[in-house]
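These notes are about the structure you will find just below.
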Amino acid sequence: MKKRVGFVVVVVLAATMCWGSASFFPSEALARNVVAVEGARFDTSISLADNLKNYMNQDVFVHLKSGKVLQGYVKEVGNNLVHLEKLRGKDFYDALIRIEEITAMEAKFREMK
């Protein structure tokens, strides 16, 4: 019984905090909307390497066959390799990745304005 009362109290406090913060900052919540990132697009009629070339100097996530995910800026794309710089979590490191090891890529298509 005590656990149930404690849980109810926590839920009520959490709901009150959420409602309270929305009432203090209503104009911020209303003024922000989601907009498309200019130039963001994938083209399914071209290769993965060519899609990576479209994101030169932009931040992307690259999923590898090993299951590892790397985030960085596309510096260069060759025939077989892609160079990612400024890896997330490893600010002073770059990566050279075989394109055949990439299973997917992600890029930012929308942002808050």
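FYI, it's all coordinate maths here, none of it is from the lab. Model, not experiment: these values are computed from the prediction. Note that we place each Cβ from the backbone using ideal geometry, even for glycine, and neighbour counts take in every protein chain shown.
Assorted remarks:
- Cross-link reach list, aspartates and glutamates versus residue 53, counting only Cα pairs under 12 Å and skipping chain neighbours closer than eight places: 43, 76
- Estimated FRET transfer efficiency when R0 is 22 angstrom, pair residue 85-residue 113 (beta carbons, to 0.05): 0.20
- Kirkwood analysis of region 48-112, using all unique Cα-Cα pairs, places the hydrodynamic radius at 11.7 Å.
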